[in-house]
Amino acid sequence: VYREQPKIKISPDSKNITYADIVSGLTYGSSGFVNGDDANILAGTASFNINSTKSTSGHHIFGEHDIAYNSGLTNTLGYSIGDDNSTNNELKVAKKVLTISGITAENKTYDGTTNATLISGTNSLIGLVSGDTVSGDFSSLSGVFLDKNAGNNKAITISGVTINGADKDNYNITNQANTTANISKKDITAVTDITALN
């Protein structure tokens, strides 16, 4: 008989997900046993609460959040069971990567630069979670060829896209977009200032 009821502390293990993934398969450790007891005295299935702000679509937002034991475990030896309050921020949510579609580029004649002229079509963000409030700003688009030399189907890297909206911090655009275009050779039409040798 104990003067104070011994308490088993449940410590949820760390869990890493990408934004909008389902949190499943949570595991945990336990401590606080006395007199040689161990986790074998526990029965049942643990349930947990995740203390986080939710996005517009109802998902755990980007960042770190506390996972706390809720209920579900029992024992026959008189222990109380509760969350280990000394452990926090077990759930880590990474940003979801977006890609862009609908942007092409004009062909050009060699001009000694890598500048590309983009054609903004029906631009869209690929990877958005349904129900989130996010929009793309394509007003500052720019593009550059991989190099300045003439050639066909030359790679162009596109940048300058930003995202706005209440849920924008849950997303990242790491590789904004790529397209291709041709650089044709520049014709030389005349040669001047040539002096004949006698």
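Within the stretch 160-171, the residues that satisfy the criterion of being open to solvent by 50 Å² or more (accessible area, probe 1.4 Å) and without any contact (Cβ under 8 Å) to a residue 40 or more places away in the chain are Thr162, Asn164, Lys168. Screening the candidates Asn49, Asn40, Asn35 for the property of being open to solvent by 30 Å² or more (accessible area, probe 1.4 Å) and closer than 16 Å to Gly82 by Cα yields one hit, Asn49.
Screening Asp83 with (1) loosely packed, with under 14 Cβ neighbours inside 10 Å; (2) more than 23 Å from Thr133 (Cβ to Cβ); (3) in contact (Cβ under 8 Å) with a residue 60 or more places away in the chain gives one miss only, at (1). Looking at the stretch 69-145, what strands (runs of 3 or more DSSP E) fall wholly within it and have at least 2 residues that are within 23 Å of Ile17 (Cβ to Cβ) and of a type in the set (A, V, I, L, M, F, W, C)? Of the strands (runs of 3 or more DSSP E) lying wholly inside the stretch 69-145, those with at least 2 residues that are within 23 Å of Ile17 (Cβ to Cβ) and of a type in the set (A, V, I, L, M, F, W, C) span 91-94, 118-126.
Residue count for the stretch 1-31 satisfying the condition of being open to solvent by 90 Å² or more (accessible area, probe 1.4 Å), closer than 21 Å to Lys96 by Cα and among the hydrophobic types (A, V, I, L, M, F, W, C): 1.
Each residue in the stretch 137-154 was checked for being within 18 Å of Leu118 (Cβ to Cβ), at pLDDT 90 or above, open to solvent by less than 50 Å² (accessible area, probe 1.4 Å) and not charged (D, E, K, R), and 2 of them qualify.
Here Ser11 clears all of (1) at pLDDT 95 or above; (2) of a type outside the set (Asp, Glu); (3) part of a loop (DSSP other than H, G, I, E, B); (4) in contact with a Gly (Cβ under 7 Å, 6 or more places away or on another chain) except the condition numbered (3). On the basis of being surrounded by fewer than 16 Cβ atoms within 10 Å (Cβ to Cβ), in contact with a Phe, Trp or Tyr (Cβ under 7 Å, 6 or more places away or on another chain) and of a type outside the set (Gly, Ala, Ser), does Asn70 make the cut? For Asn70, the condition - surrounded by fewer than 16 Cβ atoms within 10 Å (Cβ to Cβ), in contact with a Phe, Trp or Tyr (Cβ under 7 Å, 6 or more places away or on another chain) and of a type outside the set (Gly, Ala, Ser) - is met.
Let's see how each residue does on (1) over 19 Å from the mean Cα position of the chain (by Cα); (2) under 15 Å from Lys95 (Cα atoms); (3) not charged (D, E, K, R):
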| residue | (1), (2), (3) |
| --- | --- |
| Val129 | no, yes, yes |
| Ser142 | yes, no, yes |
| Lys148 | yes, no, no |
| Val161 | no, no, yes |
| Lys168 | no, yes, no |
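Screening the candidates Thr104, Thr122 for the property of being closer than 23 Å to Ile173 by Cα, among the β-branched types (Val, Ile, Thr) and free of Cβ contacts under 8 Å to residues at least 40 places away in the same chain yields one hit, Thr122.
The values are calculated or read from the model by the stated rules, or taken from the named source; none is laboratory data. No experiment lies behind these values; they were computed from the predicted model shown. No Cβ is skipped: glycine too gets one built from the backbone with ideal geometry, and neighbour counts run over all protein chains shown. These area figures cover heavy atoms from the full protein model, side chains too; ligands, DNA and RNA do not enter into them. Shrake-Rupley method; radii C 1.70, N 1.55, O 1.52, S 1.80 Å.
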